[in-house]
Structures are given as structure tokens and as C-alpha cells.
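A short worksheet on the structure shown next.
The values are calculated or read from the model by the stated rules, or taken from the named source; none is laboratory data. The structure displayed is predicted, hence computed values, not measured ones. Reconstructed Cβ throughout: ideal geometry from the backbone, glycine too, with neighbour counts over all protein chains shown. Heads up: the accessible areas ignore ligands, DNA and RNA and are worked out on the full protein's heavy atoms, side chains in. Shrake-Rupley method; radii C 1.70, N 1.55, O 1.52, S 1.80 Å.
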Amino acid sequence: MITCGWCNTHYQKWQSQCIPCGGPIPPPPGMEIGPPPPPPPRETPNRSARRTMLTSNILVLVGLGFTLLPLLLIVPLFLANPWAVLFPLFFLVGGLSMINLGWKSGRKTLHAFRDGIAVQGNVHSINRDHTTTVNGQHPWKLTYHFPVDNRIQSGTITTFNSIVGTFKYGQPLWVLYLPEDHEASTVYPPIK
């Protein structure tokens, strides 16, 4: 199954462009790198920004859980024992911190998509992330390398998209990075 990285639409067979959002879909393994990204500033297809910032942002989603649950417990715990409020406040602060980190990461990724410099990179490694489990499944962790100022930089993507499991070491892909922050990078078209 192939998933559009822009809008999360699933396809049984590969096609070059997503029907609902119009975004390009990464070529399957064994194909050429595909056309280069358009010059900046790039438009992101429909719903892509919201997905990057919220619905596909694991840190934000987990942070929301750690924030909302303590909010529900504060009043009953306060009525039972005012000192018991400290326990949910610990989780509330942790959740807000996670939301902040996820939001910053999402903004960097969107900034790289819209204004990043395009270079040809390659797949360095693909493996399962056994430290994370969602619905009994482990996500794929894709590490890619790309050249910047005669140095090799790296970036990672964690995804449940099964197409990543078929990528091969050294496979070319387009990378977008910010010249002012080389760690703010992403692949183009996106893999979610």
C-alpha cells in the first residue's frame, strides 16, 4: 500500500500525484529520484500543514493526552486533598513541554518544505523503531544523508508508512534543508 505524505490518502498502486490533494507521491524503490522540487516558496497541498503541525505530530498528540487528562483530575483531586493537585500538575507541565517541542519541530519541517534548498540525498538506513509501539506495530525509522558545504548531514523520519520498508541503502531522494539551520530538513515529496 502506498500512502500520500501530504494528505494520508492510501493507494494500492503507485501513481505520480495524489488525487485529493494534488501533491506528488515519492517514486517507489527502484525508480529514478523523480523531478526536483519546485523553487521556493513552495505551496503545500491541502491539509498538509495541519497534518505536519498536529495530526501527524506524535509529540503534540502525546502532549495533548498528558495535558487533557490532568485537567480532568485537578478539581476532584483538589476536593479530596489540595496537595494531591501536585501530581496531575507534574503531568500537565510535561504535556505542555511536549506540545511546545512538537510545535517547534513541525514549524521547522514546514519551513524546510516551503523555503528549503533542494539537494540530492540518499537513504542511509532503514529499520524498525522497537522503542515505540502503536496498536501493536513498530514504526519505520528512515535515516537519510545529504551534502551541505562539503559535509554530510543527516536527518531521520519516523513513519508507519510501509513503503519505507522497501527502500534500499543508497537510494536517491530529494532533501530540503534550511541554510540557517541544517538540522531542519525533510524529504520531498514527504513520507508520513
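Given contacts defined as C-alpha pairs under 8 Å and at least six residues apart, what's the relative contact order of the chain, whole-number percent?
Numbers: 360 pairs, mean separation 46.9, N = 192.
Relative CO of the chain lands at 24 percent.
Positive end of the dipole of the chain, charges at C-beta (+1 Lys, Arg; -1 Asp, Glu), about the Cα centre: which of P38, P189, L101 has its Cα farthest in that direction?
P189
Counting only residues 5 or more places away or on other chains, whose amide H sits under 5 Å from the amide H of Y188 once H atoms are built in the peptide plane?
W174, V175, L176
Need one word for region 93-139: rounded, prolate or oblate. Basis is the Cα gyration tensor (sqrt eigenvalues a ≥ b ≥ c); a/c below 1.5 gives rounded, then a/b vs b/c decides.
The shape class here is oblate.
Run down the lysines and flag those whose C-alpha is under 17 Å from the C-alpha of K168, throwing out any fewer than 8 positions away in its chain.
Partners found: K141.
Between region 37-74 and region 130-192, what's the alpha-carbon centroid distance in Å?
18
Is there a quick way to get the dipole size of region 1-151? I mean about its Cα centre, with the Cβ of Lys and Arg at +1 and of Asp and Glu at -1; what is the value in debye to the nearest 20?
Magnitude of the dipole: close to 100 debye.
Leaving out same-chain residues fewer than 8 places away, which aspartates and glutamates sit with a Cα under 15 Å from that of K104?
K104 reaches D181, E183.
Quick one: grab the alpha carbon gyration tensor of region 108-168, order the square roots of its eigenvalues as a ≥ b ≥ c, and give me rounded if a/c is under 1.5, else prolate or oblate depending on whether a/b is larger than b/c.
Judged from the Cα gyration tensor, region 108-168 comes out prolate (a/c at least 1.5, a/b above b/c).
By the gyration tensor of its Cα atoms, with a ≥ b ≥ c the square roots of the eigenvalues, what is the shape of region 89-192: rounded for a/c under 1.5, prolate for a/b over b/c, or oblate?
Oblate shape, in that a/c is at least 1.5 and b/c is the bigger or equal ratio.
For Y169, Y11, what's the largest-to-smallest order of accessible area, 1.4 Å probe?
Y169, Y11
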